[in-house]
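Shown next, in structure tokens, is the structure this report addresses.
What follows draws every value from the coordinates through simple rules; no lab data is involved. The model shown is predicted, which means the values in this text are computed figures rather than measured ones. Cβ sites come from the backbone with ideal geometry, for glycine too, and all protein chains shown count toward neighbours.
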Amino acid sequence: MDAKDVLVVTAFDGQYIDLAEDMAALFRRAYQDRYRLAAVVFGGCEPPAALASQFDVLVRVPPVAALDSGHGYDLAYLGIKPRLRELFPGYASYCWVDADCWFQGAESLPRILAGVHSFAIAIHPEFDVHYLNYPTPSDRTLRIYGTNEGDSLDGMPLRMPMLNAGVFAMKTDSPVWSLWETELRSLRQRHDAGEKVYFSDQIPLHKVIYQHKLSLYPLRAVDNWQTYASLPFVHRASRTLRAPTPPYEPLGIVHLAGVMKTKSFTFDGEATTLRYRDLVRFFGE
């Protein structure tokens, strides 16, 4: 695959500035200009010039009335992820990486993109031996499905692993795009009609992939490590985060979903979060 035909995309608002700074800086450190990097800026945020300069292209989405926490996420309400082809036309493939992810090395993108041409989507099932203590389906998954699907819950793919929408890649003609956008549009219509729904882009994606039996290229956990499901091994000697069992493989993409953006942990008697900038201080770099 020619890297010039691939666009890597993230998104952030004013709450995610520092996370986006780390994500973009580490992307550039890993790949320089090999891949083009784009961002969707929403919520009326104006990124600092130093951050904006990291991206080859920026698209600003006008702010909407903010959703309260009981209704989900603005990004899902806006339908950003399924609309990448519309927002950034002209690419053969798109790779999405949430702004609360950071690149630890340069190995992940080639592995993620390896399955794009032969499968409808490349994505990480939240399924790994290290996640054995994290229940599946999670209470959160059941709650969102219950809110959005109601009487249709028995027909939902609840027994299938959750597909984490924080990192995925698709070719431009994948059938997933339109099916996913249709699901999110339906949620917006129901919300606007006064119905209680929850805006998650991940749950509708999970639903359409399994219900339509779309082909899936499963990404390994190291390329979208769910820190809430399993803490990584903090390896001081190499100053890296690794899988917590032998052979202690270095993580490629670290994902700080949910509370992991701010949660502090104690390693070797010292406290740190798993944000990259905090780990730099922890390692004494």
### Task
Rounding to the nearest 20 debye, state how big the charge dipole of the stretch 136-285 is about its Cα centre with +1 on each Lys and Arg Cβ and -1 on each Asp and Glu Cβ.
280
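Compute, for the chain, the length of the dipole vector about the Cα centre, with Cβ point charges of +1 (Lys, Arg) and -1 (Asp, Glu) only. Units Debye, rounded to 20.
Rounded to the nearest 20 debye, it is 340 debye.
Let me know the Kirkwood hydrodynamic radius for the chain, please, with Cα pairs as the basis and the value in Å to one decimal. Can you show the working numbers first?
Values: mean 1/r = 0.0513 Å⁻¹.
By the Kirkwood definition, the hydrodynamic radius is 19.5 Å.
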### Task
State, to one decimal in nm, how far the label point of Phe283 lies from the label point of Thr182, with both points 7 Å from Cα in the Cβ direction.
4.6
### Summary
Among Ala237, Leu179, Val280, the residue whose Cα sits farthest towards the positive end of the charge dipole of the chain (+1 at Cβ of Lys and Arg, -1 at Cβ of Asp and Glu, taken about the Cα centre) is Ala237
## Note on the structure
Amide H contacts under 5 Å for Asn164, restricted to residues at least 5 apart in sequence or on another chain and with H modeled in the peptide plane, are His124, Glu126
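Considering only DSSP states other than H, G, I, E and B, which trypsin sites (Lys or Arg not before Pro) in the stretch 174-208 qualify as loop sites with at most 13 other Cβ atoms within 10 Å?
Those that pass, being in a loop and sparsely packed, are Lys196.
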### Task
Name the residue farthest towards the positive end of the dipole of the chain from the options Pro218, Cys101, Ala52, assuming +1 on Cβ of Lys and Arg, -1 on Cβ of Asp and Glu, about the Cα centre.
Pro218
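Out of the DSSP beta bridges found with both residues in the chain, what percent are antiparallel (nearest 5)?
That works out to approximately 50 percent antiparallel.
Show me the ranking of peptides 148-160, 227-239, 32-44 by mean Cβ neighbours inside 10 Å, starting with the highest.
Values: 148-160: 13.5, 227-239: 15.8, 32-44: 17.8.
Taking the mean over residues of other Cβ atoms within 10 Å, the ranking is 32-44, 227-239, 148-160.
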### Amide H within-cut-off set for Thr273, under 5 Å, with H built and near neighbours excluded
Phe265
### Task
Could you list which residues have their amide H under 5 Å from that of Leu216, counting only those 5 or more apart in sequence or on another chain, with H placed in the peptide plane?
Ala120
